[in-house]
Amino acid sequence: MGGAWHLTKRFLGSLRPGGPRRHDVAWVASVLAADEMRLWRRMYGPDRRHSVAIAREVDRRLGDAATGPVLAAALLHDVGKVDAGLRTWGRVVATMSGLVAGPGTAVAWADGKGFTRRVGLYLQHPRLGGDMLEMIDSDPLTVAWTRQHHLPESDWTVDPEIARVLHEVDDD
Ligand SMILES: [Fe+2]
Ligand SMILES: [Fe+2]
């Protein structure tokens with residue numbers, strides 16, 4: 001029940017358009033490097049709001065251990081979900097489905113395509129995000145957590161106490 005309610009709240013919350021409030025954006029700007037901030041601003045509004053909630057809770061739980069790179073990991077671990085990734089994946093799926101099914105079957109792919117895109121995005125966003133952050137010289141901890149945040153605990157290289165909090169607070 002708790003889980004279902006949580007997901008319902010999350011879903012209803014995700015329907016509200018727009019990004020976080022102004023004072024939250026100012027806080028994020030004080031945490032992230034300039035290039036990271038540019039990347040963060042490209043995230044979908046509800047994802048940005050979610051990322052602030054996660055980072056605030058990580059900050060509260062870890063106290064002094066919530067360093068800049070740790071908070072950047074909380075804010076940017078899902079950055080691979082930005083539009084560019086979606087369009088890239090959409091193009092791949094469209095190309096593949098067109099090749100396999102032929103253009104005449106396109107209507108039947110409408111639902112499957114949405115599902116395929118979601119699955120594909122889910123699978124790809126840690127790798128995409130990690131590569132983006134590495135390109136802009138984010139801290140190795142930020143890059144590592146972005147790549148590892150959907151992997152089993154045995155594959156984490158980030159400090160276990162920090163990784164555990166980052167993982168617990170996230171819910172996707
Ligand atoms: Fe994720
Ligand atoms: Fe997440």
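What follows draws every value from the coordinates through simple rules; no lab data is involved. Everything quoted here is computed from the prediction, not taken from an experiment. Quick reminder, even Gly has a Cβ in these numbers, built from the backbone with ideal geometry, and neighbours come from all protein chains shown.
Some observations on this one:
- Backbone geometry of the range 132-140 corresponds, through the Karplus equation with coefficients 6.51, -1.76 and 1.60 at θ = phi - 60°, to 3J(HN,Hα) couplings of 4, 5, 5, 4, 9, 6, 5, 4, x Hz, x marking Gly and Pro.
- Taking a point 7 Å from the Cα of HIS23 along the Cα-to-Cβ direction, the residues of the range 53-76 with backbone N closer than 15 Å to it are 53, 56.
- Residue-by-residue Karplus 3J(HN,Hα) for the range 55-65, coefficients 6.51, -1.76, 1.60, Hz, glycine and proline x: 5, 4, 5, 4, 4, 5, 6, 8, x, 5, 6
- Rough spin-label spacing in nm, given labels placed 7 Å along Cα→Cβ, for ARG127 and HIS150: 1.1
- Among 73-80, 49-56, 34-41, 132-139, sorting by the average number of other beta carbon atoms lying within 10 angstrom of each residue, highest first, gives 73-80, 49-56, 132-139, 34-41.
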